1. Please list 3J(HN,Hα) in residue order for segment 227-237, calculated via the Karplus relation 6.51 cos²θ - 1.76 cosθ + 1.60 where θ = phi - 60°; whole Hz, with x for glycine and proline.
2. When the chain is modelled as a GNM with alpha-carbon springs shorter than 10 Å, which of LYS153, LYS116, LYS129 fluctuates the most?
3. Please list, in order along segment 86-103, the HN-Hα scalar couplings obtained from phi with the Karplus expression 6.51 cos²θ - 1.76 cosθ + 1.60 (θ = phi - 60°), rounded to whole Hz, x for Gly and Pro.
4. Please go through the residue pairs LYS102/LYS153; LYS12/LYS153; LYS42/LYS129 and name each one whose alpha carbons sit more than 28 Å apart in this structure.
5. Ignoring ligands, DNA and RNA, how do GLU157, GLU71, GLU4, GLU51 rank by accessible area with a 1.4 Å probe, largest first?
6. Among DSSP beta bridges whose residues both lie in segment 1-136, state the antiparallel percentage, nearest 5.
7. For segment 1-63, which whole percent of the accessible surface, found with a 1.4 angstrom probe, sits on carbon and sulfur atoms?
8. Hey, what's segment 11-50 come to in accessible area per residue, 1.4 Å probe, Å²?
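The values are calculated or read from the model by the stated rules, or taken from the named source; none is laboratory data. Keep in mind the model is a prediction, meaning the values are calculated, not measured. Protein only, heavy atoms only, side chains kept; ligands, DNA and RNA dropped before computing areas. Shrake-Rupley method; radii C 1.70, N 1.55, O 1.52, S 1.80 Å.
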Amino acid sequence: MTGEMSPADKAKLVAANRAAEHVEDGMQVGLGTGSTAAWLVKRLGERVRDEGLTFRGVPTSTRTATQAREEGIEVITLDQAGWLDLTIDGADEFDSELTLIKGGGGAHLQEKIVAKASDRMIVIADAAKEVATLGAFPLPVEVIPFGLNSTQKLIEEALVAMDVQGRTTALRMNGDAPFVTDEGNHIIDLRLQRIGDARAMSLMLNQLPGVVENGLFIEMCDLVIVGHADGRVDLHHVTKASV
């Protein structure tokens, strides 16, 4: 399988394998969503089968739940868990303060709820996800279907006062129909190019009627594990970066 992998996938696999080492017997672990998190779930399934690892996983999407069950991982809900020891997830971007943009897969609402209900959050990524300033990746904003056009206009008006470089918004589509999240909502992607103040942006967005949650994860991540195609791993902590 690995022989046909792209350099990016090799890097994701390396990061996922390192992150899987943080899961110990008896833990309750949040399982992220996305291509990188899928490698994590695969590796944890291998540890369950080969090492007898016992832990309970709380998936952040229906597709992660399906994969986890197929891998033989015990799946429970967040309400059943109560609190988690650890959440491991991917990211679309992260900066030097370990502020993240997530939601490329459309699961950032559940991902944020699960991450906030955890003692620690570890992010796994390839080197392309590290940026000096957030914003090159579109910022996802989950909105309810009712009044969708009005909510989008409110967002566009509010962006005028924000420290950003671009202000284009687009309803995320799935073919000819709007993309629908696990909660039955839609996503508006904000193409900002640069986010000068992530905290102000997050607060502004979540105050708008119709907005459920945005894809900025602020002061939530404790460690980013960056994998490289040659097998190297960089560890980025909140206060410093080390190799």
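1. Listing the rounded values in order: x, 10, 4, 8, x, 6, 9, 9, 10, 10, 8 Hz.
2. LYS153
3. Listing the rounded values in order: 7, 10, 10, 8, x, 8, 8, 8, 8, 10, 5, 8, 6, 7, 10, 10, 10, x Hz.
4. Details: LYS102/LYS153 22 Å; LYS12/LYS153 37 Å; LYS42/LYS129 21 Å.
Where the Cα-Cα span goes over 28 Å, the pairs concerned are LYS12/LYS153.
5. My answer, sorted largest first, is GLU4, GLU157, GLU51, GLU71.
6. The antiparallel proportion sits near 10 percent.
7. Details: 1330 of 2860 Å².
Exposed carbon and sulfur together represent 46 percent of the surface.
8. That works out to 37 Å² per residue.
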